[in-house]
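Asks: Here it is, the structure, as structure tokens.
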Amino acid sequence: MTKGELIKDILKLKKERKAIILAHNYQPPEIQDIADLRGDSLELSLKASKTDAEVIVFCGVIFMAETAKIVSPNKKVLLPVKEVPCDMADMITVEDVMKLKEEHPNAKVVTYVNSYAEIKAVSDLCCTSANAVKVAGKIDAKEIIMIPDMNLARYTQRFYPDKKIYYFEGFCPFHHFLTPEEVIECKKKHPNAVFIAHPECKPEVIDLADHVASTSGMLRLAKELDDKEFIIGTEVGLLYPLQKENPDKKFYHPSPEKMLCKSMKKMSLEDILRSLETLEPEVILPEEIRSKAYQAVKRMLETV
Ligand code: 13P
Ligand code: SF4
């Protein structure tokens with residue numbers, strides 16, 4: 001089957017199934033191009049909570065599809081490839097959260113959406129990279145446990161010297177291992193470029209950034225700023241929509257081989273077509289977990 005035929009069949013079946021296709025900004029270009037909505041984690045969870053489609057085809061990783069199911073329990077949520085874990089989400093267990101809660105009994109638990117449903121279910125509130133700072137500011141607590149990303153927690157702490165943010169030592173390997181040296185080297189090659197870092201990068205890298213933003217925040221900045229050259233400190237897949245939306249601007253990456261999330265590249269157009277045909281693999285969550293996780297996601301959606 002040619003690519004054109006595949007796309008034609010996907011669009012036809014999507015209509016018949018009353019489905020919507022959501023894709024994260026890191027997905028392969030051909031998937032971004034056929035999606036009804038491409039966005040960051042916050043935009044995707046908002047869209048999943050509002051759509052009137054009967055089926056949500058989620059092109060991303062497991063925690064994102066789970067979030068869609070959490071906010072839309074009566075819809076069929078399909079994840080076209082079953083095994084798309086998130087290395088950061090895999091780092092933390094419910095026992096780890098319970099231990100932190102015991103150590104800091106007065107703290108509220110703010111959980112990055114990049115975590116599995118069972119972790120959200122034992123949290124007070126969720127956040128994404130786009131709203132973590134806002135959520136931490138709005139929450140009525142002097143002490144916060146922010147999990148599972150220590151870099152997002154340490155970045156958020158910078159805004160609230162009067163609050164104490166405890167963190168779990170989890171991280172995204174595709175952001176955490178970007179080094180200041182790599183950024184400095186790239187800056188030397190492109191002295192006029194503005195450096196935008198994702199908050200999943202470590203503090204020494206954040207210190208070098210002109211701006212810190214979620215993936216969709218980076219897309220907005222690239223469009224809005226008058227600058228013509230940008231160094232992009234996030235997973236390399238974001239370069240595709242950046243370049244597509246800004247053909248007159250230049251985008252550079254400080255470490256393209258290292259910052260490539262394999263899980264985000266596992267899906268293909270063939271998988272999407274098969275999933276629409278079979279309505280499998282479907283995301284199923286135990287209702288007890290889903291409803292508890294929903295409270296944490298709902299509180300986040302109410303604060304943004
Ligand atoms: P955002 O797109 O929400 O910034 O998240 C980045 C990420 O690592 C998703 O896996
Ligand atoms: Fe998880 Fe990092 Fe991949 Fe995002 S880029 S899905 S946080 S491993």
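The values are calculated or read from the model by the stated rules, or taken from the named source; none is laboratory data. Computed from a predicted model, the values in this text were never measured in an experiment. Virtual Cβ from ideal backbone geometry, glycine too; neighbours counted across all protein chains shown. Note: accessible area is taken over every heavy atom of the protein model, side chains too, but ligands, DNA and RNA are not part of it. Shrake-Rupley method; radii C 1.70, N 1.55, O 1.52, S 1.80 Å.
Asks: Which one is nearest to ligand 1 (Cβ to nearest atom) among residues in the range 185-212 that are closer than 24 Å to residue 247 by Cβ and touching a helix residue (DSSP H, G or I) at 6+ places or on another chain (Cβ under 6 Å)?
Replies: 198
Results for (1) of a type in the set (S, T, N, Q); (2) farther than 12 Å from residue 232 by Cβ; (3) open to solvent by 40 Å² or more (accessible area, probe 1.4 Å), shown as yes or no for each residue.
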position	(1), (2), (3)
169	no, yes, yes
172	no, yes, no
176	no, yes, no
186	no, no, no
196	no, no, no
199	no, yes, no
203	no, yes, no
206	no, yes, no
213	no, no, no
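Asks: Quick one: which residue in 96, 90 is surrounded by fewer than 19 Cβ atoms within 10 Å (Cβ to Cβ), within 19 Å of the chain's Cα centre (by Cα) and modelled with pLDDT of 95 or more?
Replies: That would be 90, the only listed residue that is surrounded by fewer than 19 Cβ atoms within 10 Å (Cβ to Cβ), within 19 Å of the chain's Cα centre (by Cα) and modelled with pLDDT of 95 or more.
Asks: Condition first: more than 14 Å from residue 169 (Cα to Cα) and surrounded by fewer than 21 Cβ atoms within 10 Å (Cβ to Cβ). Can you find one or more residues in the range 110-117 that meet it?
Replies: Within the range 110-117 (the criterion being more than 14 Å from residue 169 (Cα to Cα) and surrounded by fewer than 21 Cβ atoms within 10 Å (Cβ to Cβ)), the answer is no, since none of the residues qualifies.
Asks: Next question, about the same structure. Are there any pairs, at least 6 apart or on different chains, whose C-beta atoms fall under 7 Å, with the first in the range 264-285 and surrounded by 16 or more Cβ atoms within 10 Å (Cβ to Cβ) and the second among the acidic types (Asp, Glu), and if so, which?
Replies: If the second residue must be among the acidic types (Asp, Glu), the pairs left are 264/235; 269/30; 273/9; 283/66; 285/66.
Asks: Further question on the same structure: Here is a check on your reading of the model: is residue 229 over 26 Å from residue 86 (Cα atoms) and under 21 Å from the mean Cα position of the chain (by Cα)?
Replies: In short, no.
Asks: Right, here's the next one. Is it fair to say residue 140 is of a type outside the set (Phe, Trp, Tyr), modelled with pLDDT of 95 or more and open to solvent by 20 Å² or more (accessible area, probe 1.4 Å)?
Replies: no
Asks: Could you run through the range 95-132 and say how many residues are assigned to a loop (DSSP other than H, G, I, E, B) and without any contact (Cβ under 8 Å) to a residue 24 or more places away in the chain?
Replies: Of the residues in the range 95-132, 1 are assigned to a loop (DSSP other than H, G, I, E, B) and without any contact (Cβ under 8 Å) to a residue 24 or more places away in the chain.
Asks: Identify all residues within the range 168-213 that are among the basic types (Lys, Arg) and more than 16 Å from ligand 2 (Cβ to nearest atom); write none if there are none.
Replies: 187, 188, 189
Asks: Report yes if residue 145 is buried (at least 19 other Cβ atoms within 10 Å of the Cβ) and away from ligand 2 (no atom under 16 Å from the Cβ), otherwise no.
Replies: yes
Asks: Within the range 203-219, does at least one residue satisfy the condition of being touching a Lys or Arg at 6+ places or on another chain (Cβ under 8 Å) and under 30 Å from residue 3 (Cα atoms)?
Replies: No, there is no match, as no residue in the range 203-219 is touching a Lys or Arg at 6+ places or on another chain (Cβ under 8 Å) and under 30 Å from residue 3 (Cα atoms).
Asks: Being open to solvent by less than 10 Å² (accessible area, probe 1.4 Å) and within 11 Å of ligand 1 (Cβ to nearest atom) is the filter here; which residues of the range 46-66 pass it?
Replies: Scanning the range 46-66 gives 60, 61, 63.
Asks: Can you find even one residue in the range 23-40 that is open to solvent by less than 50 Å² (accessible area, probe 1.4 Å), without any contact (Cβ under 8 Å) to a residue 40 or more places away in the chain and in contact with a Cys (Cβ under 6 Å, 6 or more places away or on another chain)?
Replies: Yes, that holds for at least one residue.
Asks: Okay, next question. Which of the residues belonging to the range 288-304 are open to solvent by 50 Å² or more (accessible area, probe 1.4 Å) and more than 13 Å from residue 68 (Cα to Cα)?
Replies: 288, 289, 292, 295, 299, 302, 304
Asks: Could we say that residue 80 is more than 16 Å from ligand 1 (Cβ to nearest atom), touching a residue at least 24 places away in the same chain (Cβ under 8 Å) and closer than 17 Å to residue 26 by Cβ here?
Replies: yes
Asks: Right, residue 164: within 21 Å of residue 102 (Cβ to Cβ), surrounded by fewer than 19 Cβ atoms within 10 Å (Cβ to Cβ), in contact (Cβ under 8 Å) with a residue 12 or more places away in the chain and more than 16 Å from ligand 2 (Cβ to nearest atom) or not?
Replies: Judged against the criteria, residue 164 is a match.
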